Amino acid sequence: MQEATIAAIATAPGAGGIAVVRLSGAESYQVAARVFCPANAAKKVEQAKGYTALFGHFVDREEAFDEGVALFFRAPHSYTGEDVVELSCHGGNAVARRLVEACLAAGAQPAAPGEYTRRAFLNGKLGLTQAEAVMDLISADGRQGAALANAALGGALAKKINAQKAQLTALQAHLAAWVDFPEEDVPEVSQAELIATLSEQKDMLYQLIAGYGAGAVLRRGVDCVLLGRPNVGKSTLLNLLAGFDRAIVTPVAGTTRDIVEQAVQLGSVRLNLFDTAGVREVGADGDAIEAEGIRRSWKKLDEAGLVLAVFDAAQPLSDDDLQLARRCQGRPAIAVLNKQDLAGEQDVPHGTLEPYFKKIVPMCAKDAVGLQALTDAVADLLGTAQLDPGAAQLCSARQLSAATRARDALAEAIRARQDGFGLDAAAVCLTDALQALCDLTGESATEATIDEVFETFCVGK
Ligand code: GDP
């Protein structure tokens, strides 16, 4: 069945220098000819060669409403693999929307979310892992997150998994020959060789899986909660991280009562920051609103991917400080010892806090001292410092689940052999592992999987 010709705005909404409306499908040139008149009357849209451009007017029911450029791509040499025309009009919502409406009136259908990339995948222009990377790349804020997505778009993950599949398929063929044709003279796979190959492939998957969390942090950022009793300098730290006065800083305890949300870039990591009500015991007759704020702060501590617990280095640790420290134990938590400028040697509560925190960073938030140390501590704790953004990485929950299934099936194959089961048992596990790897790269992707991948896309991509 021939796919309909689709149209959508490919650029982000809002005012801008230009906006691009993209047509894809067999009728793209006919639709373009109805909405675009080349300035040079001798030029015909339908005859435009691929990789050429024409200047002209956009028309809607005979009325010219803008001027711009049409860029032509001939199948299969386009993003989707179909005939594609990209119409660049002046930026801004009204003009671009009118151009899309004109395209629809001229016979195009509105594109569904991710439909261009879906067509590119179905036409073999991109693998499924690369298609997933497209969305990551366009939504990346940080440079390293973008580098990560770019490596995936270049096929780094697909290459690595395909190499694994080749190794395991060769092993599977050998096992199958040995199991199915015992009368033939197929040499037996040695136990040591079999276990070595399976272990090597399992370890590679293990490494990919281990890097998933840090990759996700680079792509999407991490929810980070700032905690500490009132007046230790949480809002000052938040403002330092945000680079402007976002939270109200006052010397009166209990000023910040709500959770304030703020996204800040700390080195290569985006922190989705939640400044919270200062945590302290308010007692039964205390302020009910403050008590609710404190309850929410503790809840955030349990949910956050990163905890910055702030302490006043110039004061001895209070019971509230110790309660916070205890709650941070076992969590991805960093202790910020703030107000170093006021702290004497004997005041620093370093040793007492050590058992509860992964890292301790002395700071003077008021004077922006210690920010680099905090940046390094966060990158180290979240594993982003160790991550090579050019290397293959898993970049979606779907990929993680397939890689985990493959790793577990390989572990099962190894166990089966070590426990003395026959080669046929190992062969069954190996088939499961290969199936999971095919799911990962999308070779055997079902319609439901493809839908799942593209449902997160935006219209026009
Ligand atoms: P919060 O209640 O934890 O949000 O604390 P604030 O950020 O409102 O800070 C409380 C007070 O401590 C303010 O007067 C800040 O100027 C001051 N403060 C914050 N950080 C520092 C620091 O590093 N050194 C000094 N001397 N004062 C600080």
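The values are calculated or read from the model by the stated rules, or taken from the named source; none is laboratory data. No experiment lies behind these values; they were computed from the predicted model shown. Because the Cβ atoms are built from the backbone with ideal geometry, glycine has one as well, and the counts that use them run over all protein chains shown.
Scanning segment 12-50 for residues that are in a strand (DSSP E or B) and over 35 Å from the mean Cα position of the chain (by Cα) yields Phe36, Cys37, Pro38. Contact map, segment 371-387: residues that are closer than 12 Å to Gly211 by Cβ and modelled with pLDDT under 95 paired with residues that are among the β-branched types (Val, Ile, Thr) and not in a helix (DSSP H, G or I), Cβ distance under 8 Å, separation 6+ or inter-chain. Pairs shown: Leu382/Val222; Leu382/Val269; Thr384/Val269.
Residues in segment 336-368 that are more than 13 Å from the ligand (Cβ to nearest atom) and in a helix (DSSP H, G or I): Glu345, Gln346, His350, Gly351, Thr352, Leu353, Glu354, Pro355, Tyr356. Would you call Gly351 more than 18 Å from Gln265 (Cα to Cα) and at pLDDT below 90? Spelling it out, Gly351 is indeed more than 18 Å from Gln265 (Cα to Cα) and at pLDDT below 90. Kindly check whether there is at least one residue in segment 121-136 that is assigned to a helix (DSSP H, G or I) and either among the hydroxyl-bearing types (Ser, Thr, Tyr) or closer than 30 Å to Phe421 by Cβ (or both). Looking for residues that are assigned to a helix (DSSP H, G or I) and either among the hydroxyl-bearing types (Ser, Thr, Tyr) or closer than 30 Å to Phe421 by Cβ (or both), one finds at least one in segment 121-136, hence yes. Each residue in segment 145-182 was checked for being among the β-branched types (Val, Ile, Thr) and either surrounded by fewer than 20 Cβ atoms within 10 Å (Cβ to Cβ) or more than 33 Å from the chain's Cα centre (by Cα) (or both), and 2 of them qualify. Checking segment 211-221 against the condition returns a match, with at least one residue being among the aromatic types (Phe, Trp, Tyr) and closer than 22 Å to Ser401 by Cα.
Summed over segment 371-416, the residues that are of a type outside the set (Ser, Thr, Tyr), in contact with a helix residue (DSSP H, G or I) (Cβ under 8 Å, 6 or more places away or on another chain) and either in a loop (DSSP other than H, G, I, E, B) or within 29 Å of Glu443 (Cα to Cα) (or both) give a count of 26.
Condition check for Ala94 on (1) free of Cβ contacts under 8 Å to residues at least 12 places away in the same chain; (2) under 15 Å from the mean Cα position of the chain (by Cα): one failure, at (2). Within segment 55-103, how many residues turn out to be among the β-branched types (Val, Ile, Thr) and buried (at least 20 other Cβ atoms within 10 Å of the Cβ)? Summing the residues that are among the β-branched types (Val, Ile, Thr) and buried (at least 20 other Cβ atoms within 10 Å of the Cβ) in segment 55-103 gives 4. Would you mind stating whether Ala406 is away from the ligand (no atom under 12 Å from the Cβ) and touching a Leu at 6+ places or on another chain (Cβ under 7 Å)? For Ala406, the condition - away from the ligand (no atom under 12 Å from the Cβ) and touching a Leu at 6+ places or on another chain (Cβ under 7 Å) - is met.
Before we move on, is Leu122 in contact with a Phe, Trp or Tyr (Cβ under 6 Å, 6 or more places away or on another chain) and at pLDDT 85 or above? When the stated conditions are applied, Leu122 does not pass them. The residues on offer are Ala445, Ala365, and the sole one that is surrounded by 16 or more Cβ atoms within 10 Å (Cβ to Cβ), within 27 Å of the chain's Cα centre (by Cα) and touching a residue at least 40 places away in the same chain (Cβ under 8 Å) is Ala445. Selection of segment 312-335 for residues being charged (D, E, K, R) and more than 15 Å from the ligand (Cβ to nearest atom) yields Asp319, Arg326, Arg327, Arg331. Of the residues making up segment 50-97, those that are among the β-branched types (Val, Ile, Thr) and closer than 30 Å to Lys125 by Cα are Thr52, Val69, Thr80, Val84, Val85. The residue pairs whose first member lies in segment 98-118 and is part of a loop (DSSP other than H, G, I, E, B), whose second member is surrounded by 22 or more Cβ atoms within 10 Å (Cβ to Cβ) and among the β-branched types (Val, Ile, Thr), and whose beta carbons are closer than 6 Å, counting only pairs six or more residues apart or on different chains, are Ala106/Val31; Ala106/Val35; Gly107/Val31; Ala108/Thr5; Ala108/Val31; Ala111/Ile6.
All conditions in (1) closer than 18 Å to Leu104 by Cα; (2) at pLDDT 95 or above hold for Asp60, with the sole exception of (2).
The test for being closer than 30 Å to Arg143 by Cα, within 12 Å of the ligand (Cβ to nearest atom) and of a type in the set (A, V, I, L, M) holds for Leu371. Here Gln399 clears all of (1) surrounded by 20 or more Cβ atoms within 10 Å (Cβ to Cβ); (2) in contact (Cβ under 8 Å) with a residue 40 or more places away in the chain; (3) under 31 Å from the mean Cα position of the chain (by Cα); (4) within 16 Å of the ligand (Cβ to nearest atom) except the condition numbered (4). Could you say whether any residue in segment 302-311 is over 29 Å from the mean Cα position of the chain (by Cα), small (Gly, Ala, Ser) and more than 13 Å from the ligand (Cβ to nearest atom)? No, segment 302-311 has no match at all.
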